[in-house]
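The values are calculated or read from the model by the stated rules, or taken from the named source; none is laboratory data. Values in this document were obtained by computation on a predicted structure and should not be read as measured data. Heads up, the Cβs are rebuilt from the backbone with ideal geometry, glycines too, and the neighbour counts pull from every protein chain shown. All accessible areas refer to the heavy atoms of the entire protein, side chains included, with ligands and DNA or RNA removed. Shrake-Rupley method; radii C 1.70, N 1.55, O 1.52, S 1.80 Å.
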Protein chains: 2
Amino acid sequence: MSANSEYVAPCDERRPFISGFDGSAGCAVITLNAASMFTDGQYFLQARQQMDDNWTLMKRRLPGYPTDHLPAGTHVGIDPTLLSSAEGTSLKKTLNARGNGDLVAIEENLVDIVWGSQRPPRPQDKVFIHDAKYAGESHADKITRVRAGFESLDTDGLVVAALDEIAWLFNLRGSDIDYNPVFFAYALVTKADVTLYIDEAKLDSNVRSHLQGIKTRPYSAIFGELGELSTTLVQSKRKLLAGQNASWALVKALGEDNVKVNKSPIAMLKSLKNPTELDGMRQCHIRDGAAMANYFGWLEHELLFNGGHLRLSEVDVADKPEELRRAQKHCVGPSFDTISSVGPNSAIIHCSPKRGSDALLDVNKMYVCDSGGQYLDGTTDVTRTYHFGTPSAWERECFTRVLKGHIALDRAVFPSGTSGYALDPLARLPLWELGLDYRHGTGHGVGSFLNVHEGPQGVGMRMNYLSAGFQHGMTITNEPGYYEDGSFGICIENTCLVVKPETKFDYTGGVGGYLTFEPVTMVPIQKKLIRSGLLNEDEKKWLKRETSPI
Amino acid sequence: MSANSEYVAPCDERRPFISGFDGSAGCAVITLNAASMFTDGQYFLQARQQMDDNWTLMKRRLPGYPTDHLPAGTHVGIDPTLLSSAEGTSLKKTLNARGNGDLVAIEENLVDIVWGSQRPPRPQDKVFIHDAKYAGESHADKITRVRAGFESLDTDGLVVAALDEIAWLFNLRGSDIDYNPVFFAYALVTKADVTLYIDEAKLDSNVRSHLQGIKTRPYSAIFGELGELSTTLVQSKRKLLAGQNASWALVKALGEDNVKVNKSPIAMLKSLKNPTELDGMRQCHIRDGAAMANYFGWLEHELLFNGGHLRLSEVDVADKPEELRRAQKHCVGPSFDTISSVGPNSAIIHCSPKRGSDALLDVNKMYVCDSGGQYLDGTTDVTRTYHFGTPSAWERECFTRVLKGHIALDRAVFPSGTSGYALDPLARLPLWELGLDYRHGTGHGVGSFLNVHEGPQGVGMRMNYLSAGFQHGMTITNEPGYYEDGSFGICIENTCLVVKPETKFDYTGGVGGYLTFEPVTMVPIQKKLIRSGLLNEDEKKWLKRETSPI
């Protein structure tokens, strides 16, 4: 598996197996005498409930709380396939500095030994061809473009470890992981060869013929083969390039002196959608919008005319968007776990209520639904906030301010290369005016029938967005929000394409030109939540495009 | 003198003396066989005209044009007091890499030897006390605060080379340099001592008594004394800190291993104005506004009723703002060279027309005036654009878009720590919408009866603004513009204080809170240049505050 995937396969859920704690953020450290679980504030309660008393909870970022109790000189073993080389190097350095401690890469994962035959098998699903009529470019052409970049990157080859990059490069898709249509593999692209390291059982005859000219080797063979390659590299003086999420194991196999770890050039190539992909995004969002408009219509009907508020919880309705999406052409499934939450639960950012603690829907409370679909021609991600009764003046004011931020970002025209760091305040200003804000980024890239979160671009306060300025063909979500503890949440999210508007002038003199966002999401924004007195004429004009009739 | 001052004294104008070229940007390289002048595009013409044929013009940033012709292995001599240590180290490294070339620090400046007795003397003006009723804090308290920061900076002392930092630290001002009320000096602050290196002839008895408890030593004595100090430092293991504009000579005197060059903590302390300084800025801007309103009134009268368009050039009127300012209480002089330009000349950014190439004023053309004053209680910087006839629809549209950007930045409320990098797009968006822009930053800090340009904060695309987020008490200009080659320029500049607004909420939970800009400039914005159809209600409300009656 690749280090740093957003979602993992059941066979890789080692922390939940060994500790019981299945939150999305946590790090287990097991020593001869103790077992500690480090996690963040959002999971303190859940982790304590799920773990037995063998485990000590280590609260991250809480002043005065111990976050580390390893004696100086401790040698810590780790499975080097499960962390990036930067993480490995950094941890090793920290331990080295503490009384000659060390981080030791171990050959066999100790949790897997305990897990034994109970461990779910690694997924064996077949991969399938992502037709060029959706991908817009043959994998041969993509490989040519990757190689064309080698000179300026001063390298003779690239180790590809990110699963979405591999899927993109070969125009293949899989189903090894929930939501992300990827498959377990590694790839090595050199000037002479392209090798796909993959469990060969996943390849049917169609895919084999699609991969003509590309070497296929067993998944784990990469470690040995990189080792062999390293002897050649020592002579050539030119280092191989590995993407930043290449595991420590891969880098060690190559020899740390033979590889430079940096941004993968594929991340940037993949982020720039071609005309076919851009059109696919437009098309799939029309179908996605039909499904979601159906969903909110169905929900309103259930609540207002079918007594839904007496029997339907947030979790009960959360499967409905998937059901309605699957009825649309080209839909493959959801692009992430639907967030469906009402009232106080909707104030918990990006957290879906769980069965058991889910609230009944309520016409007197705000309802937030964040969901998306995977389609053969694109990936969607949309959030809408609805109120099926009479929202309060304050709820409407907050909603309108979130909307103003959304519109300001959507309408922005800016020189090519402007970063999402610099544009982020546009979405926050109407909230900042009252001393309010939201504690999440404003936007992320969206894959093309690939991961719903992809980089390198993004809108928010992360410094790494600075070096990933917008370019024509990128995708980005626009999702400002507002979350009032114990009361309600609001989020308005569209998926957008980064396109060239027709500007009267071009002050860049043709160097990049100007860009703007083209929203492709087709789901109505609820009118009754808007206080139009807070909108100016430009905002009202924008709004005419996409409000609901209610 | 300090390396990297924005303005220099006549005795330091070595490049104009040796070459004849007196533009603000240029680097002369004299070898045994050649003399080369490197400069930027704005100065190609002027440099060629001013220099004789012994000089070769080296055009910077012009593709294909030679920018460097030193043979490999060349040893280049340089006066190490005239460049920063970072520049020295970088140049040395570049030369070292080219066939064992080298940068050699020379003891005596070779230009000064040629200049001989013709060289103007170093200014001997007396320094004077900047009264605590204007400074708002005694120099003893400032020194205590500087020392209080030593522990977290892991240092035992600070070498202060920036002239405005020295003036601020000791509550002293001088007149050694045009526009900046500073004086030539160095300072050394250690835990035990404070030493001011200054020509003692500059100190009268008042200042001597003001400096009680502070050692004063001759200006050039610092080099020898830092050399002696370096022997102690080798034992203490703790490096001294020097500000980034400390000269290479200072760093070499200390020994490069004994000093770390970094942001001077005084730059940040100085940027955070105390209540007395903030109030002084407000007060001096009232008087400054009166002077500038008088100026534009006078100008309008001359042009419309006195035939001024037949006899007054841009340069003729450029002294008038200074004259009117000097009539105001506490005015010491101008804070920079007034820019007064009309029509096509106003399209040349930040460049004042010269006598001889100056145009007559014209009621049919846009007029831009960028000027400022030094007052005992503060420093001002204001730009206004006026049209004394009938501006075209396009001029009005551009002016209104610049104004919209100005208003957007002025009205912004944002969390403490937000950087001027992130706020910069607010000022540009209305121009970006048409594919237009301006090629300068949007704002800079302003000193308190000190340099009109000060850091570390600023609004613009420079990455170094990222680490200098806004804090309460900073100052900043708000100066978007638009410049149409060959036609006209527009700039609307206010000086602002960074203050805490009353927000309904505080999402930061008291950690910094929210900030906004309080414009203190009191000079009317001309109404006839505004196309009000382009303004929304909020912008119109803002405007009521500060438009002219015409």
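For segment A:240-263, the criterion of being hydroxyl-bearing (Ser, Thr, Tyr), assigned by TED's automatic domain parsing to the domain that holds A:SER152 and not in a helix (DSSP H, G or I) is met by at least one residue.
For segment A:229-273, filtering for residues that are open to solvent by less than 50 Å² (accessible area, probe 1.4 Å) and β-branched (Val, Ile, Thr) leaves 3. Tell me, please, whether a residue that is at pLDDT 95 or above, farther than 22 Å from A:VAL8 by Cβ and touching a Phe, Trp or Tyr at 6+ places or on another chain (Cβ under 8 Å) can be found in segment A:168-188. Yes, the conditions are met somewhere in segment A:168-188. Quick one: would you say B:ASP377 is among the acidic types (Asp, Glu) and within 14 Å of chain A (Cβ to nearest Cβ)? When the stated conditions are applied, B:ASP377 does not pass them. Being open to solvent by less than 10 Å² (accessible area, probe 1.4 Å) and in contact (Cβ under 8 Å) with a residue 12 or more places away in the chain is true of B:THR477. Any residue in segment B:274-281 that is crowded, with 17+ Cβ neighbours inside 10 Å, assigned by TED's automatic domain parsing to the domain that holds B:LEU497 and not in a helix (DSSP H, G or I)? No, there is no match, as no residue in segment B:274-281 is crowded, with 17+ Cβ neighbours inside 10 Å, assigned by TED's automatic domain parsing to the domain that holds B:LEU497 and not in a helix (DSSP H, G or I).
Of the listed requirements (1) in contact with a helix residue (DSSP H, G or I) (Cβ under 7 Å, 6 or more places away or on another chain); (2) among the hydroxyl-bearing types (Ser, Thr, Tyr); (3) surrounded by fewer than 16 Cβ atoms within 10 Å (Cβ to Cβ), A:THR81 misses just one: (3).
So, in segment B:408-417, of the ones that are more than 7 Å from chain A (Cβ to nearest Cβ) and assigned to a loop (DSSP other than H, G, I, E, B), which residue ends up farthest from B:HIS472 (Cα to Cα)? Can you show your working first?
Here is the first cut: in segment B:408-417, the residues more than 7 Å from chain A (Cβ to nearest Cβ) are B:408-411, B:416-417.
From what is left, the residues that are assigned to a loop (DSSP other than H, G, I, E, B) are B:416-417.
Working: B:SER416: 8, B:GLY417: 9 Å.
In this case the residue turns out to be B:GLY417.
Looking only at residues of segment A:518-534 that are farther than 29 Å from A:MET474 by Cα and either in contact with a Cys (Cβ under 7 Å, 6 or more places away or on another chain) or among the aliphatic types (A, V, I, L, M) (or both), we find that the one that is least open to solvent (accessible area, probe 1.4 Å) is A:LEU529.
Which ones in segment A:516-538 are within 14 Å of another protein chain (Cβ to nearest Cβ) and either of a type in the set (Gly, Ala, Ser) or within 27 Å of A:GLY455 (Cα to Cα) (or both)?
A:THR516, A:PHE517, A:SER532, A:GLY533, listed by residue number.
Of note, A:SER247 satisfies the criterion of being touching a residue at least 24 places away in the same chain (Cβ under 8 Å) and either of a type in the set (Gly, Ala, Ser) or touching a Lys or Arg at 6+ places or on another chain (Cβ under 9 Å) (or both).
Just for segment A:420-471: of the residues that are of a type in the set (S, T, N, Q) and surrounded by 21 or more Cβ atoms within 10 Å (Cβ to Cβ), which one is nearest to the other protein chains (Cβ to nearest Cβ)? Among those residues, the one meeting the criterion is A:THR442. Evaluate the following for B:ASP12: is it surrounded by 16 or more Cβ atoms within 10 Å (Cβ to Cβ), charged (D, E, K, R) and modelled with pLDDT of 85 or more? Criteria met by B:ASP12.
Within segment B:286-307, residues that are in the same structural domain as B:GLU322 (by TED's automatic domain parsing) and under 18 Å from B:THR380 (Cβ atoms) have Cβ atoms under 6 Å from residues that are at pLDDT 95 or above and assigned to a helix (DSSP H, G or I) in these pairs: B:ALA291/B:LEU324; B:ALA291/B:ARG325; B:ASN294/B:LEU324; B:TYR295/B:LYS320; B:TYR295/B:PRO321; B:TYR295/B:LEU324, counting only partners at least 6 apart in sequence or on another chain.
Taking the criterion of being within 14 Å of another protein chain (Cβ to nearest Cβ) and either among the aromatic types (Phe, Trp, Tyr) or not in a loop (DSSP other than H, G, I, E, B) (or both), would at least one residue in segment A:472-481 satisfy it? For segment A:472-481, residues within 14 Å of another protein chain (Cβ to nearest Cβ) and either among the aromatic types (Phe, Trp, Tyr) or not in a loop (DSSP other than H, G, I, E, B) (or both): present.
Per-residue answers, yes or no, for (1) in a helix (DSSP H, G or I); (2) modelled with pLDDT under 85; (3) within 15 Å of B:VAL29 (Cα to Cα); (4) of a type in the set (Phe, Trp, Tyr):
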{"site": "B:GLN49", "(1), (2), (3), (4)": "yes, no, no, no"}
{"site": "B:THR56", "(1), (2), (3), (4)": "no, no, yes, no"}
{"site": "B:PRO63", "(1), (2), (3), (4)": "no, yes, no, no"}
{"site": "B:LEU70", "(1), (2), (3), (4)": "no, yes, yes, no"}
{"site": "B:ALA86", "(1), (2), (3), (4)": "yes, no, no, no"}
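Restricting the first residue to segment A:494-515 and requiring it to be at the interface with chain B (Cβ under 8 Å from one of its Cβ atoms) and open to solvent by 40 Å² or more (accessible area, probe 1.4 Å), which pairs with a second residue that is part of a loop (DSSP other than H, G, I, E, B) and charged (D, E, K, R) meet a Cβ separation below 7 Å and a spacing of at least six or different chains? The qualifying pairs are A:TYR507/B:ASP437.
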